[in-house]
Amino acid sequence: MAEPRIEGGVSAPVPHDSAHKHVTGEAIYTDDLPEPPGTLQAYVLMSPRAHARIVRIDTETARAMPEVAAIVTAEDIPGRNDVGPIFPGEPILAPGVVEYIGMPVLAIAATSVKAARAAAAVVRIDYEDRPPVLSIEEALAAQSFVCPPHEMRRGDAARGLARAPHRLAGEWRCGGQDHFYLEGQVALAVPQEDGDMLVLSSTQHPSEVQKMTARLLDRPIHAVTVEVRRMGGGFGGKETQPAIIAGIAAVLAAKVLRPVKLRLDRDDDMMITGKRHDFLARYEAGYDDDGRLLALDMTLAARAGHVADLSPSIVDRALFHADNCYFIPDVHLVGYGCRTNTQSNTAFRGFGGPQGMLAIENLVDEIARRVGRDPLEVRKLNYYGTDTRNVTPYHQTVEDNIIAEMTAELEHDATYAARRREIDSWNRGSSVLKKGLAAAPVKFGISFTTQFLNQAGALVHVYTDGSVHLNHGGTEMGQGLMTKVAQVVAEEFQIDLARVKISATNTGKVPNTSATAASAGSDLNGMAAQAAAREIKSRLIGFASMQFKVPPGSIRFAGNRVFAGGQSLEFGELAALAYKARVQLSATGFYKTPLIHYDRDKGTGRPFFYFAYGVAAAEVLVDTLTGEYKVTRADLLHDVGRSINPAIDLGQIEGGFIQGMGWLTTEELWWDKSGALKTHAPSTYKIPAARDLPPDFRVRLYDRSENRAETIHRSKAVGEPPLMLANSVWLALKDAVGAAAEHRVVPRLDAPATPERVLMAIEEARARATATEPQPVAAGAE
């Protein structure tokens with residue numbers, strides 16, 4: 001007789017639990033929730049100056065408007081005006097000095113957003129300008145930093161460079177990226193009895209919003225409850241930034257004792273909130289005749305913005321990924337978080353890893369072209385080994401390396417070598433259109449690099465009909481976390497997924513949670529939920545053993561039933577019997593990631609529990625007269641271990657790749673000379689659209705891998721790593737630029753590779769190729 005099976009357990013490719021609601025519009029987001037009677041709407045008045053002292057604020061006319069209920073400035077905050085997640089000194093309203101164009105100065109609560117805006121228009125503020133620091137270069141020159149620099153070293157980089165047969169030095173830049181979540185920043189603060197506050201927030205980090213709101217209100221943390229069912233996208237932009245939005249709403253609500261909603265429109269959202277950090281890389285590298293890296297001294301400097309936010313950890317992660325898949329015998333890395341009078345940059349999918357990774361990819365590509373070899377061959381030559389050449393710059397041994405096998409599989413499936421020959425031949429016969437081809441690997445470390453964040457809690461109830469209620473500290477932003485964790489619980493109890501109820505994340509149910517970030521949502525919350533389910537299951541087994549007089553080891557859960565010796569009953573029947581026998585059917589679960597540690601002062605440790613790997617090949621077609629281009633084909637192979645949900649994992653890989661492609665191609669943030677962000681709406685800031693998808697798009701899960709680390713069902717994280725597969729697109733564009741100059745010079749291309757930047761790179765490469773006699777490809781320092 002066939003073993004009974006459940007529907008929707010682990011490894012089943014079931015749809016996202018809210019997919020049908022997303023399509024039909026039934027999914028309820030924070031702004032869709034019914035507003036309590038008397039709810040006021042808030043608006044934030046922003047600074048028009050990049051750096052200035054506030055001399056005077058005149059709100060008399062605005063306060064006299066009948067629709068206005070309250071106006072608050074920094075002086076009206078009851079508690080501490082500070083939401084800094086790492087370092088103190090991060091105000092929600094400017095405390096006497098404005099530090100970027102867009103900084104909130106005051107907030108107004110009125111009967112409508114229109115009325116609040118009208119009131120803001122009549123507020124008069126006098127400023128005394130101060131000199132701003134706007135660029136990374138200015139900050140480096142002024143030694144303007146939000147945190148001390150961080151260094152990693154292994155071996156002796158200076159000695160390695162001196163001994164290297166060939167050396168090159170240079171610098172390279174990559175831009176930032178706006179999160180452009182479909183649902184903007186929004187919070188609804190509702191006063192409760194005894195001075196408590198309920199905050200409904202679109203946030204990846206409910207506990208952070210809870211803690212910071214309590215600090216602003218000068219209340220204990222237990223006086224604030226934060227809830228979120230889902231977000232319309234987050235990507236890191238709703239990790240720390242929502243504390244500002246929720247905090248302003250809560251301060252207003254506490255002042256007027258009425259509910260207050262603050263919802264930013266797109267322009268204001270982009271002007272106020274932080275982005276992905278732009279980076280400047282300066283490097284000197286030594287290599288041999290084959291292109292093998294021998295030594296590297298690299299500085300990575302990030303534009304942090306006016307306060308630290310999460311920049312120290314983001315710069316750290318950039319350094320952690322400045323090796324990517326490559327062993328460097330002698331290496332010295334330094335990271336700077338540069339303080340500038342611009343928006344405070346923040347977490348974004350990859351958290352600094354993409355910038356560090358792309359810096360080394362640019363370098364390896366340049367070395368390959370100098371020695372006259374296909375860049376993929378030089379990449380493989382420099383890959384980490386398994387038994388030797390396997391220690392990172394931060395002294396963690398790479399124990400799970402599968403990148404060589406994955407690369408070989410992708411090369412075969414994508415017919416890379418044959419296409420390389422075909423493209424080279426095609427380019428020789430085409431004077432205007434040029435093709436580019438590149439393949440690039442990904443090795444991404446999984447864990448929060450701040451150790452204490454690697455913990456999670458969960459709460460599971462079993463009801464007497466066998467249905468299950470699940471709550472945990474993770475948040476849903478479209479990535480499918482709720483579905484995956486519910487599958488884990490369904491698998492433990494061996495019940496259909498439909499019998500597991502997913503509920504909103506609430507700080508009153510599971511306390512002291514970490515952000516849903518670092519790609520660790522399933523790893524952490526899945527293990528915590530499994531622990532809670534196993535506790536209840538253990539109690540049920542103990543009860544069934546006594547009830548049916550069979551050994552505990554003989555009791556089996558399968559196919560919505562429980563088998564105890566010769567007895568068989570539905571899971572719900574056992575739950576009902578256990579309840580009558582006074583067996584507790586509720587449990588909490590807790591998990592903390594083992595083995596990880598890092599000494600930041602020494603730059604050594606094991607910051608990551610494991611690595612996730614991937615490799616991609618991309619082909620592009622470039623018009624050399626205009627710089628316009630099209631990604632014509634992409635082949636992606638990604639490692640997710642034993643997938644909990646292959647359908648969701650494939651969606652994450654596809655979406656991450658396209659978002660990464662946007663960062664490296666069309667998404668350009670541009671500030672004018674005064675420090676004003678000018679790309680703050682869809683009219684000027686271009687994210688990828690449906691027509692930007694490669695017409696030939698091949699995505700596959702690597703099916704010969706399971707996680708060597710003891711993760712939930714031996715799966716691997718999938719949220720962030722696929723974004724970096726898009727490095728292949730940028731490298732393919734660089735290859736096409738080189739082809740436009742007949743590969744006579746090493747092309748120079750920063751990111752994002754907008755059509756304008758591609759065109760300028762083509763013209764610059766052709767000018768160099770014709771103005772001087774190109775040097776041999778393996779020449780010394782540039």
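The values are calculated or read from the model by the stated rules, or taken from the named source; none is laboratory data. Note that the structure is predicted; figures quoted are calculated from it, not measured. Counting neighbours? That spans all protein chains shown, and the Cβs are built from the backbone with ideal geometry, glycine included. Each accessible area value is taken on the protein alone, full model and side chains, heavy atoms only, with ligands, DNA and RNA left out. Shrake-Rupley method; radii C 1.70, N 1.55, O 1.52, S 1.80 Å.
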Inset, instruction - Work out from phi, with θ = phi - 60° and the Karplus expression 6.51 cos²θ - 1.76 cosθ + 1.60, the ³J(HN,Hα) of each residue of segment 320-332, listed in order in whole Hz, and give x for Gly and Pro. - result: 4, 10, 6, 9, 6, 9, 10, 8, 10, x, 10, 9, 9
Legend entry - Sequence-separation-based contact order of the chain, relative, with Cα cut under 8 Å and 6+ spacing, percent: 16
Inset, instruction - Could you list which residues have their amide H under 5 Å from that of Cys147, counting only those 5 or more apart in sequence or on another chain, with H placed in the peptide plane? - result: Gly337
Legend entry - Heavy-atom surface of the chain, accessible at 1.4 Å and reported per residue (Å²): 37
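About the Cα centre, and with charges only on the beta carbon of Lys, Arg (+1) and Asp, Glu (-1), how big is the dipole of segment 232-334? Nearest 20 debye, please.
Its charge dipole is roughly 1060 debye.
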Legend entry - Protection proxy ranking of 55-63, 295-303, 733-741, 158-166 - average other beta-carbon atoms within 10 Å, highest first: 733-741, 295-303, 158-166, 55-63
Legend entry - Karplus-derived 3J(HN,Hα), 6.51/-1.76/1.60, for each residue of segment 607-615, Hz, glycine and proline x: x, 10, 5, 6, 10, 9, 10, x, 8
Legend entry - Ellipsoid semi-axes in whole angstrom, largest first, where each is sqrt(5λ) of the Cα gyration tensor of the chain: 43, 38, 23
Legend entry - For segment 1-123: relative contact order, % (alpha-carbon pairs under 8 angstrom, 6 or more apart): 34
Inset, instruction - Of the options Ser586, Gly508, Ala528, report the single residue whose Cα projects farthest towards the positive end of the charge dipole of segment 446-591 (beta-carbon charges: Lys, Arg +1; Asp, Glu -1). - result: Ser586
Inset, instruction - Measure off 7 Å from each Cα along the Cα-to-Cβ vector at Lys592 and Glu35, then give the distance between these two points in nanometres to one decimal. - result: 4.5
Legend entry - For Ile6, distant residues with modelled amide H under 5 Å away: Gly559
Legend entry - Note, ³J(HN,Hα) from phi for segment 183-189, Karplus 6.51, -1.76, 1.60, rounded to Hz, x at Gly and Pro: 8, x, 5, 7, 8, 10, 9
Inset, instruction - Calculate what fraction, in whole %, of the accessible area of segment 493-588 sits on carbon and sulfur atoms when a 1.4 Å probe is rolled over the protein chains. - result: 50
Legend entry - Of all accessible heavy-atom area on segment 51-189, the percent that carbon and sulfur account for (1.4 Å): 52
Inset, instruction - Order the peptides 69-78, 11-20 from the highest to the lowest mean number of other Cβ atoms within 10 Å of their residues. - result: 69-78, 11-20
Legend entry - Cβ charges +1 (Lys, Arg) and -1 (Asp, Glu), total dipole of the chain, debye: 880
Legend entry - Cut-off under 5 Å, modelled amide H: who pairs with Leu106 long-range: Leu45
Inset, instruction - Could you rank the peptides 414-420, 491-497, 320-326, 632-638 by their average count of other C-beta atoms within 10 Å per residue, with the highest value first? - result: 320-326, 632-638, 491-497, 414-420
Legend entry - Apportionment of accessible area to carbon and sulfur, segment 298-423, percent (1.4 Å): 52
Inset, instruction - Grab the DSSP H runs of the chain that are 4 residues or longer, score each as -39,500 (n - 2.57), total them, divide by all residues and round the 222 nm result to the nearest 500 deg cm²/dmol. - result: -9000 deg cm²/dmol
Legend entry - Over segment 596-716, relative contact order from alpha-carbon pairs under 8 Å, at least 6 apart, %: 30
